[in-house]
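Here's the structure we're looking at; comments come further down.
The values are calculated or read from the model by the stated rules, or taken from the named source; none is laboratory data. For clarity, every value in this text was computed on a predicted model and none was experimentally measured. Every residue, glycine among them, receives a Cβ derived from its backbone with ideal geometry; neighbour counts consider all protein chains shown.
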């Protein structure tokens, strides 16, 4: 019995033209029963939560679209989008550098990753926030006290938001670099031979052949990164930036409705991660093209005549 | 001087401390077909990859179309080429691999069009028209929009040949092009290669298909342990081998 329990989709549609023997599909009565029990349990739990007065659903609803909450959610999205974009771009560069035959480039990349993965993100954020204490003035100049071009005060140039973006982006780049390096490593070595034999140099080979194939392996962990970034942005509350969670915290600090406001924030986080997962699936399908063969083969005639060339 | 398409003079190549090629001397005439045969580990694939500079030659000289491969000679010294120069010099030779190495994320047509458009910078519509002609020539005119993995091994290898031809190479290198194929698919690939040879393409083929070597090649080169043991017209090398090692190899394969 056991080996039949894996559904074999290939056998589900026997060709209509052949004399068909009636097929009795394997039934799963136990599965059905368990599912029914689980649905019942879930409904009862949902009911309990819904009628439990102490959740204060009225408060949840009244704050769900509060301007501060919406603004906080907007800021969370901004932080996520900018930090992730910079992180991915810089991470790709670092990954390629790390794999480079040039020892200078690979050492720079290795050190960067070592440093930014090895220190806590919280410390990095506070460091950028307090950069003015270390370097009051930001300037381009010659080393050892030579003439310099003063850009301005560090406090002005690096605002709290700037510090948050710097901290999140630079930290993310280190993680993305390792993910992308793994993706590049997953591409068959024959692809390099083929691309080189066609006259491609290193840059073209990466952009046109290797990276698009690495995407398939890079996407799932990147999806993870985006989602943990979305929630990780809550760390920036230490820089007094009112992201989604911080906005909720400010409100419940005043009205003591801690749980309802955390529910409000969680609902928004859930909504955002749901949307992100949807796009992740779409992207995975896009970059899986040519790798998952099944959808197309079914459209072709099953017996393709073997054309022989004379 | 009647310059050869490929001329190897004492070509040596080591991986670490193992010497794979121990001084290869070889001439491939323009418009001729050369088959490299020999037991595995004999260095034939490495030599083929040297011709395209996928492997760096350690010592000796290797000329393709009268140009030194991988180096520039100036003032009696050999200077290693920069990557971009090497890439350009590879345009002389098209290469077909044992495991096809088509780009799986591109359709068949995109595979063929890729290098002419992005390396040579030629207009896409012009190249696409040529690609279609090439596909017809390898008998796969209707498969342009398929992805490589939807095709059989034989079909993929014919696409790989078309992809290499799209760069209009002067020389085609084949690295065991039929070794990864199911037996019934070998014929279709060999047929394409035969028609290519008949059209006058210079070809260097590493192969175990002795029938093909006998029928199509102008020169058969038997390699063993990093040296050319015996070379000459197929009737000689395959029909009445002079060297003991050749005889031993042929008796095992035939």
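Determine whether the range B:208-223 contains at least one residue that is within 19 Å of residue B:108 (Cβ to Cβ), in contact with a strand residue (DSSP E or B) (Cβ under 7 Å, 6 or more places away or on another chain) and not in a helix (DSSP H, G or I). Within the range B:208-223, none of the residues are within 19 Å of residue B:108 (Cβ to Cβ), in contact with a strand residue (DSSP E or B) (Cβ under 7 Å, 6 or more places away or on another chain) and not in a helix (DSSP H, G or I).
Examine the range B:121-138 for a residue that is modelled with pLDDT of 95 or more, under 19 Å from the mean Cα position of the chain (by Cα), more than 8 Å from chain A (Cβ to nearest Cβ) and in a strand (DSSP E or B), and state whether such a residue exists. No: the range B:121-138 contains no residue that is modelled with pLDDT of 95 or more, under 19 Å from the mean Cα position of the chain (by Cα), more than 8 Å from chain A (Cβ to nearest Cβ) and in a strand (DSSP E or B). Total residues in the range B:142-154 satisfying the condition of being assigned to a helix (DSSP H, G or I) and more than 9 Å from every other protein chain (Cβ to nearest Cβ): the figure is 1. Determine, yes or no, whether residue B:149 is under 22 Å from residue A:289 (Cβ atoms) and in contact with a strand residue (DSSP E or B) (Cβ under 8 Å, 6 or more places away or on another chain). It is false that residue B:149 is under 22 Å from residue A:289 (Cβ atoms) and in contact with a strand residue (DSSP E or B) (Cβ under 8 Å, 6 or more places away or on another chain). Taking the range A:127-149 as the range and being within 20 Å of residue A:238 (Cβ to Cβ) and loosely packed, with under 10 Cβ neighbours inside 10 Å as the test, only A:134 passes. Would a scan of the range A:213-226 turn up a residue that is modelled with pLDDT under 95, crowded, with 19+ Cβ neighbours inside 10 Å and not in a helix (DSSP H, G or I)? Looking for residues that are modelled with pLDDT under 95, crowded, with 19+ Cβ neighbours inside 10 Å and not in a helix (DSSP H, G or I), one finds none in the range A:213-226, hence no. Residue B:230 satisfies every condition listed in (1) closer than 23 Å to residue B:170 by Cα; (2) in a strand (DSSP E or B) except (1). Among the residues making up the range B:9-40, those that are free of Cβ contacts under 8 Å to residues at least 60 places away in the same chain and surrounded by fewer than 16 Cβ atoms within 10 Å (Cβ to Cβ) are B:9, B:10, B:14, B:15, B:16, B:17, B:18, B:40. Residue pairs whose Cβ atoms lie under 7 Å apart, separated by 6 or more positions or on different chains, with the first residue in the range B:117-134 and touching a residue at least 40 places away in the same chain (Cβ under 8 Å) and the second in a loop (DSSP other than H, G, I, E, B), are B:119/A:198; B:119/A:199; B:119/A:200. Residues in the range B:161-171 that are in contact with a strand residue (DSSP E or B) (Cβ under 7 Å, 6 or more places away or on another chain) and more than 8 Å from every other protein chain (Cβ to nearest Cβ): B:161, B:165, B:169, B:170, B:171.
The single residue among A:74, A:152 that is free of Cβ contacts under 8 Å to residues at least 12 places away in the same chain and surrounded by fewer than 18 Cβ atoms within 10 Å (Cβ to Cβ) turns out to be A:74.
Given the conditions (1) in contact (Cβ under 8 Å) with a residue 40 or more places away in the chain; (2) within 14 Å of chain B (Cβ to nearest Cβ), and given that residue A:199 satisfies all but one, which numbered condition is not satisfied? Only one criterion in (1) in contact (Cβ under 8 Å) with a residue 40 or more places away in the chain; (2) within 14 Å of chain B (Cβ to nearest Cβ) is unmet by residue A:199, namely (1). Scan the range A:199-212 and give yes if some residue there is buried (at least 19 other Cβ atoms within 10 Å of the Cβ) and assigned to a loop (DSSP other than H, G, I, E, B), otherwise no. Yes, the range A:199-212 contains at least one residue that is buried (at least 19 other Cβ atoms within 10 Å of the Cβ) and assigned to a loop (DSSP other than H, G, I, E, B). Checked against (1) away from chain A (no Cβ under 11 Å); (2) closer than 23 Å to residue B:109 by Cα; (3) assigned to a helix (DSSP H, G or I), residue B:178 meets all criteria but (3).
To keep it simple, each residue is scored yes or no on (1) surrounded by fewer than 23 Cβ atoms within 10 Å (Cβ to Cβ); (2) more than 12 Å from chain A (Cβ to nearest Cβ); (3) touching a residue at least 60 places away in the same chain (Cβ under 8 Å).
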| position | (1), (2), (3) |
| --- | --- |
| B:173 | no, no, yes |
| B:182 | yes, no, no |
| B:196 | yes, no, no |
| B:201 | yes, yes, yes |
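Every residue, every condition in (1) under 18 Å from residue B:169 (Cα atoms); (2) free of Cβ contacts under 8 Å to residues at least 40 places away in the same chain; (3) facing another protein chain (nearest Cβ under 7 Å); (4) in contact with a helix residue (DSSP H, G or I) (Cβ under 9 Å, 6 or more places away or on another chain), yes or no:
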{"position": "B:70", "(1), (2), (3), (4)": "yes, yes, no, yes"}
{"position": "B:73", "(1), (2), (3), (4)": "no, yes, no, no"}
{"position": "B:77", "(1), (2), (3), (4)": "no, yes, no, no"}
{"position": "B:81", "(1), (2), (3), (4)": "no, yes, no, yes"}
{"position": "B:85", "(1), (2), (3), (4)": "yes, yes, no, no"}
{"position": "B:88", "(1), (2), (3), (4)": "yes, yes, yes, no"}
{"position": "B:96", "(1), (2), (3), (4)": "yes, no, no, yes"}
{"position": "B:102", "(1), (2), (3), (4)": "yes, no, no, yes"}
{"position": "B:111", "(1), (2), (3), (4)": "yes, no, no, yes"}
